[in-house]
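Provided herewith is a single structure, encoded as structure tokens, for subsequent inquiry.
The values are calculated or read from the model by the stated rules, or taken from the named source; none is laboratory data. The structure displayed is predicted, hence computed values, not measured ones. Here Cβ is always computed from backbone atoms with ideal geometry, including for glycine, and neighbour counts include all displayed protein chains. Surface accessibility is based on the protein's heavy atoms, side chains included, excluding ligands, DNA and RNA. Shrake-Rupley method; radii C 1.70, N 1.55, O 1.52, S 1.80 Å.
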Amino acid sequence: MITWYAATQKVQILSTQLSRPAVTDRFQGQSPEAVEQWVALLYGVCREAQRFAARLALALGVEDDKAAERVWQEAMREHLLHCLQRWPETIGETADLTALREWQSEVAHQSEAVRSAWVETRLAPIVLPFVRYWEAAVPALGAAMRARWTRIQRDLGFPREAVRGWLNLRVERRNGENQVTVNTARGELTHRAVVCDGRVIRYAIEAPTDRLCAEGARLREWVETVPCATLVAAERLGRAAVVALDPCVPYRLEVHDA
């Protein structure tokens, strides 16, 4: 929730709230196999990464390297949706997902050199104008988008034979609890599970959005230092700031005219 003050052209963030249903509560008492099925059904964003982490946390194993490949491919799709759809929307432009379709049908399975060349010649001319727009309008917000763009470039051209390196997979067992951490488009995803006598005793998931959007410090940095001449400008700035954080859940922005 943000408030715009016409007299001073200031914008203030009154409150931020991240709300997620407590879905992992229903995992308790179920078999590891049932919990894996729940994970696949409940998580539409980063489903492959969620399932990958769940299988390891539940000691069900991972089929083969193809599972790691699917997590990487899923993350690349999320990267492209972010910069091709959400970034244009921050300045009122209509998204064009032609490049995403090209990636999926023609480029994704090509060599590192081909993918890197496609990013430089096809994707960069589409994406960079939005980065530059926000670098000029709100330097701190633009810097965050520039950093994300740098990561997108690197990830899209990542050597496929080294995809497990991209996953940065970590599996630990402490005091009877399995903890699995894996990389996704938005950052590290962690699953923790305690299984006893074939039943899940405790389960927890920490997603990148939980860390990025739990409090509003970064939003305040990006929004409250920027004068906005109109309510529309304040709303656009607020939406751009949320998009820069890139939550994996739907968001609602309330803008009030003081």
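Select from Glu89, Glu106, Glu224 the residue whose mean-square fluctuation is largest in a Gaussian network model of the chain (Cα-Cα springs shorter than 10 Å).
Glu106
Another question about this same structure. Find which of Tyr5, His82, Leu97 sits farthest along the positive direction of the dipole of the chain, computed with +1 on the beta-carbon of Lys and Arg, -1 on that of Asp and Glu, about the Cα centre.
Of the candidates, Tyr5 comes out farthest on the positive side.
Remind me, relative contact order of the range 64-164 in percent, using alpha carbon pairs under 8 angstrom and six or more residues apart?
Computed value for the range 64-164: 33 percent relative contact order.
Okay, next question. Compute, for the range 64-164, the length of the dipole vector about the Cα centre, with Cβ point charges of +1 (Lys, Arg) and -1 (Asp, Glu) only. Units Debye, rounded to 20.
In total the dipole reaches around 220 debye.
Now a separate question. Just to verify a number: what accessible area does Arg174 come out at with the full protein assembly present, 1.4 Å probe, Å² rounded to tens?
Here the accessible area works out near 140 Å².
Would you indicate which of (1) 18.4, 58; (2) 20.3, 65; (3) 18.2, 67 is the value of Rg and Dmax of the Cα atoms in Å derived from the coordinates of this structure?
Computed from the coordinates, Rg and Dmax of the Cα atoms in Å corresponds to (2).
Can I ask one more? Under the rule of -39500 (n - 2.57) per DSSP H run of 4 or more residues, summed and divided by the residues of the chain, what mean residue ellipticity at 222 nm is obtained, to the nearest 500 deg cm²/dmol? Can you show the working numbers first?
Values: 11 runs with 115 residues, N = 258.
Only helices count here, giving -13500 deg cm²/dmol.
Also, quick follow-up: So what does Asp65 come to for accessible area, using a 1.4 Å probe and Å² rounded to 10?
100 Å²
Right, next: Please state the relative contact order of the chain as a whole percent: Cα pairs under 8 Å, 6+ residues apart?
After rounding, I find 32 percent.
What does the charge dipole of the chain about its Cα centre add up to, to the nearest 20 debye, if the Cβ of each Lys and Arg holds +1 and the Cβ of each Asp and Glu holds -1?
300 debye
Give, rounded to the nearest 20 debye, the magnitude of the charge dipole that the range 90-142 has about its Cα centre when Lys and Arg contribute +1 at Cβ and Asp and Glu contribute -1 at Cβ.
40 debye
Given a 1.4 angstrom probe, I'd like the percentage of the accessible area of the range 104-252 that is carbon and sulfur, rounded to a whole number.
53 percent
Counting only heavy atoms of protein chains, what accessible area per residue, in Å², does the range 64-164 have with a probe of 1.4 Å?
Values: 4760 Å² over 101 residues.
Heavy-atom accessible area per residue stands at 47 Å².
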